[in-house]
Amino acid sequence: PPYPPYYVPASLEQRCDHFNAQNRDTFRQRYLVNATHWAGPGAPILLYTGGEGDGIDSVFAHSGYVLELARELSALALFAEMRFFGESMPYGEEGSFIRSAERLGLLSIEQALADAAALVVAVRAEHGAEQSKVIALGGSLAGTLAFLLRAKYPALVHAALAASAPIFGYAGLTDAY
């Protein structure tokens, strides 16, 4: 693997469309886990939300601050791969990019946020960490996702650290004029 051995690769079965009950299709979302500094259940969980790019194979390389925070907070560090990037393709490399609402239309902020929320729930359950506070973080698109994840799912995500995050370009967040 292109990452150090203290990262454990994992995946979670996600719904291709979280908001259409008739679509039962699923895909595997990849993520990395680093428990090097984690003090166990009750200690924080850091979720790097991922964004555009090559997926988890490269996201951790420019995220050293996540591991510094994990060390300082005795936290579990997660690096999520965003849908449609890396190997987290809802309908494979070819089928995911068909220009339709049922395919490329699933590349949306709302779907990515629902993926992240489902990942938080699954990782907490898997590690017996239902009481652990979650801090979402990221830069650029990943920072925007971290901010919006905190805003949309405040019961799951207790804080967000968003660096260089464009947050004013979304309908309903600012005056269009």
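I'm checking my understanding of the structure. Among residues of segment 7-36 that are in a loop (DSSP other than H, G, I, E, B) and under 28 Å from Ala163 (Cβ atoms), which one is least open to solvent (accessible area, probe 1.4 Å)?
Tyr7
Working only within segment 50-66, note down all residues that are farther than 17 Å from Pro2 by Cα and either among the hydroxyl-bearing types (Ser, Thr, Tyr) or crowded, with 18+ Cβ neighbours inside 10 Å (or both).
Of everything in segment 50-66, those that are farther than 17 Å from Pro2 by Cα and either among the hydroxyl-bearing types (Ser, Thr, Tyr) or crowded, with 18+ Cβ neighbours inside 10 Å (or both) turn out to be Gly51, Tyr65, Val66.
When only residues in segment 54-85 that are over 26 Å from Ala39 (Cα atoms) and within 13 Å of the chain's Cα centre (by Cα) count, which is modelled with the lowest pLDDT?
Gly55
Quick check: anything in segment 95-112 free of Cβ contacts under 8 Å to residues at least 24 places away in the same chain, buried (at least 18 other Cβ atoms within 10 Å of the Cβ) and in a loop (DSSP other than H, G, I, E, B)?
Yes, there is a match, as at least one residue in segment 95-112 is free of Cβ contacts under 8 Å to residues at least 24 places away in the same chain, buried (at least 18 other Cβ atoms within 10 Å of the Cβ) and in a loop (DSSP other than H, G, I, E, B).
Got a sec? Which of Ala159, Ala176 is at pLDDT 95 or above and either of a type in the set (S, T, N, Q) or open to solvent by 30 Å² or more (accessible area, probe 1.4 Å) (or both)?
Just one listed residue meets the conditions, Ala159.
Scanning for something assigned to a strand (DSSP E or B) and either at pLDDT 95 or above or over 16 Å from the mean Cα position of the chain (by Cα) (or both), does segment 37-46 turn up at least one residue?
Yes, some residue in segment 37-46 is assigned to a strand (DSSP E or B) and either at pLDDT 95 or above or over 16 Å from the mean Cα position of the chain (by Cα) (or both).
The values are calculated or read from the model by the stated rules, or taken from the named source; none is laboratory data. Model, not experiment: these values are computed from the prediction. With ideal geometry, Cβ positions are generated from the backbone for all residues, glycine too; neighbour counts draw on all protein chains shown. Areas reflect the complete protein model, heavy atoms only, side chains present, ligands, DNA and RNA absent. Shrake-Rupley method; radii C 1.70, N 1.55, O 1.52, S 1.80 Å.
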